[in-house]
Structures are given as C-alpha cells and as structure tokens.
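Colleague: Pasting a structure below so you can have a look.
What follows is calculated from the coordinates using simple rules that are stated; it is not laboratory data. Nothing here was measured: the structure is a model prediction, and the numbers come from that model. With ideal geometry, Cβ positions are generated from the backbone for all residues, glycine too; neighbour counts draw on all protein chains shown.
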Amino acid sequence: MASQVDFLSLDELCLLHHGDAIERFYWPKVASSLSEYEVFWKRFIVLLTNRIDPLEYKEWIMLRKGLGEEYESLLMANYTTFYHCVVAHEQIEIGRAHSITRNCSSSLPTPVSKVTRLFRRKLEHCCVAGA
C-alpha cells in the first residue's frame, strides 16, 4: 500500500486504495451507487485524518490529533452512513432490503447536518473575530 509520502495531491486519493480495509473491500461493489460518497470523503474526511500527515503513516486512517469533537462526530457519521449503505446493498442483493434500506436512508442526513453546523459555527466565529 502507498504511504502518504507518495501522494502528489489530495485529488489522487481514492477509497479503493486509500480507504480503510472495509472501504477498500466494499468500494468496488458500491461505487456506482455511491459515487458522491467518495467526493465527500475526499473533500472533508481525508482532511480530518492522518492521510495528510506523512509523519503519521502508521495510523493514516485515524483522526488527526487536536481536532475537536465535532470533527470526530462528522467522521463517524460519514463512516456509519457508508456502513449502513454497504449493508443495505448486500441485503438488496440477497432480496432482504425492506428493513435495511430504512436504516441506511435514516443515517444519510447526519453527515450533511454535521457539516452544515460545523461550517455555520466556523463562519460565525470568523465574522465575530473579523468585526
């Protein structure tokens, strides 16, 4: 597996090669259905992890040290959404989708609402600090 030192830019990161073991395993199966997940992952989640710190290559998928709880909460909500979607995808394939898809769709708003609250809080802080 490539280390962070090998990354030329964040745009080159992809779940198939730079996700954790579960993301790498399931991504080929769900990529066509969840293509926007990878876009969100690249723009928000990667920046919260050690993937951008070459000195932390041994724990590269972990949350960067010093980030607040709201960032960890966003990271976990995003990963939970991925997990529920993967489980739903598997259940659909075996014909048992009725209850699982409800769980998947109920977790989708969580990462979006967490990002919105996070940005709103940071924007308010910037506006107050700049005034």
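Colleague: Output ³J(HN,Hα) for region 36-45: one whole-Hz value per residue in order, computed from phi by the Karplus curve 6.51 cos²θ - 1.76 cosθ + 1.60 with θ = phi - 60°, and x for Gly and Pro.
Modeller: Running phi through 6.51 cos²θ - 1.76 cosθ + 1.60 with θ = phi - 60° gives 6, 4, 5, 4, 4, 4, 5, 7, 10, 5 Hz.
Colleague: Let me ask you something else. Given 0.36 nm per residue, what is the gain on full extension from Glu12 to Leu47 after removing their alpha carbon distance, in nm? Present the calculation step by step, with values, prior to reporting the outcome.
Modeller: Working: separation 35, 0.36 × 35 = 12.60 nm, distance 1.34 nm.
Once the chain is fully extended between Glu12 and Leu47, it gains 11.3 nm.
Colleague: Still on this structure: Would you mind ranking Ser32, Ser73 so that the residue whose beta carbon has the fewest other beta carbons within 10 Å leads the list? Can you show the working numbers first?
Modeller: Values: Ser32 7, Ser73 15.
Exposure proxy ranking, most exposed first: Ser32, Ser73.
Colleague: If amide hydrogens are placed 1.01 Å from N in the peptide plane, which non-local residues have theirs closer than 5 Å to the one on Thr49?
Modeller: Arg64
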